[in-house]
Amino acid sequence: MKPPVQRRLRRWSGGWLRGADWQPSPNQNARPVGERIRLAVIHSISLPPGEYGGPAIEALFHNRLVPTAHPYYAGLQGLRVSAHFVIRRDGRLQQFVAVDRRAWHAGVSSWEGREGCNDFSVGIELEGLEGQTFELVQYRELNRLLRDLLHAWPLDAVAGHEHVAPGRKRDPGPGFDAALLTAAAALRKPPAWQGPHAVSSGENSKH
Ligand SMILES: [Zn+2]
């Protein structure tokens with residue numbers, strides 16, 4: 001009998017992962033025709049920053065964030081953003097956009113000479129604060145999610161938002177432990193934390 005080393009793969013239903021908490025966001029549109037989904041972009045988010053478990057991330061992705069509810073929210077007014085997935089501090093997986101649709105997470109960005117990473121990437125937000133550490137259950141869910149994604153989509157790389165928007169974005173930041181990204185070993189390319197993108201911030205930024 002094989003040892004139970006990995007939890008089994010989950011099924012996909014039209015770009016939605018079964019078992020995830022589905023919360024469809026209006027902030028999405030079609031990917032370019034024929035575009036290959038090749039990159040997973042890891043982010044960190046918490047609203048308000050450093051506070052975990054509240055409903056504000058969902059509210060932001062559903063354009064329902066009340067700008068007066070917290071001083072930080074005023075600066076987010078009118079923002080139309082989303083990510084495909086959010087992994088909460090307790091490992092709970094939420095999905096906001098179908099993987100075959102384009103989520104709005106990377107902004108002005110580039111990867112291997114291609115601009116506009118939203119076109120060809122999957123956005124995964126870890127609930128956390130840029131620069132701070134993440135929970136082991138979040139890495140466990142992230143690895144499981146990457147395996148589920150790889151099974152259905154031709155991903156070949158994983159990078160942080162800081163790698164695709166250097167100088168502009170810093171998440172998930174130095175608190176993210178890429179050594180715990182065990183599922184990345186199945187990707188064709190090394191994760192950006194190890195590859196040529198892993199130069200110190202500043203050297204790699206485009207001015
Ligand atoms: Zn980000």
What are the ³J(HN,Hα) values, in whole Hz, obtained from phi via the Karplus relation 6.51 cos²θ - 1.76 cosθ + 1.60 with θ = phi - 60°, for each residue of region 108-118 in sequence order, with x given for Gly and Pro? 5, 7, 8, 8, 6, x, 9, 7, x, 4, 4
Taking the chain as a Gaussian network, where each spring joins two C-alpha atoms under 10 Å apart, which residue of HIS151, HIS161, HIS70 fluctuates the most? HIS70
Taking placed amide H atoms and a strict 5 Å upper bound, the residues 5 or more places from ASP21 or on another chain that come that close are LEU93, GLN94, GLN95
Taking amide H positions as placed in the peptide plane 1.01 Å from N, state which residues far from ALA157 in sequence (5 or more) or on other chains have amide H under 5 Å from it. ALA40
Output wanted: per-residue J couplings in Hz (rounded whole) for region 152-164, from phi through Karplus 6.51 cos²θ - 1.76 cosθ + 1.60, θ = phi - 60°, x for Gly and Pro. 10, 10, x, 5, 10, 7, 9, 9, x, 4, 4, 7, 8
Tensor-based shape of region 101-192 (alpha-carbon gyration tensor, a/c under 1.5 rounded, otherwise prolate or oblate): oblate
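Taking the Cα centre of region 14-135 as origin, work out the dipole magnitude from +1 charges on Lys and Arg Cβ and -1 charges on Asp and Glu Cβ, in debye rounded to 20.
I would put it at about 340 debye.
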With a 10 Å radius around each residue's Cβ, average the other Cβ atoms per peptide and rank 8-14, 79-85, highest first. 79-85, 8-14
Might you report the magnitude of the Cβ-based charge dipole of region 1-61 about its Cα centre, with Lys and Arg at +1 and Asp and Glu at -1, to the nearest 20 debye? 620
If I stretch the segment between ARG168 and GLN23 completely, what's the gain in nm (0.36 nm per residue apart, minus their alpha carbon distance), one decimal? 49.4 nm
Provide the packing ranking of 96-103, 165-172, i.e. peptides ordered by the mean count of other C-beta atoms within 10 Å per residue, highest first. 96-103, 165-172
With an 8 Å Cα cut-off and a minimum separation of 6 or more residues, compute the relative contact order for the chain in percent. 24
Looks like the chain, by Cα gyration tensor root eigenvalues a ≥ b ≥ c and the a/c under 1.5 rounded cutoff (else prolate when a/b is bigger than b/c, oblate otherwise), is rounded
Given backbone amide H placed at 1.01 Å from N, residues whose amide H is under 5 Å from that of SER46, ignoring those fewer than 5 places away on the same chain, are GLY128
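Only the coordinates and a few stated rules stand behind these numbers; no lab work does. This one's a predicted model, so the numbers in the text were calculated from it and none came from an experiment. Don't worry about glycine lacking a Cβ; one is built from the backbone with ideal geometry, like all the others, and counts go over all protein chains shown.
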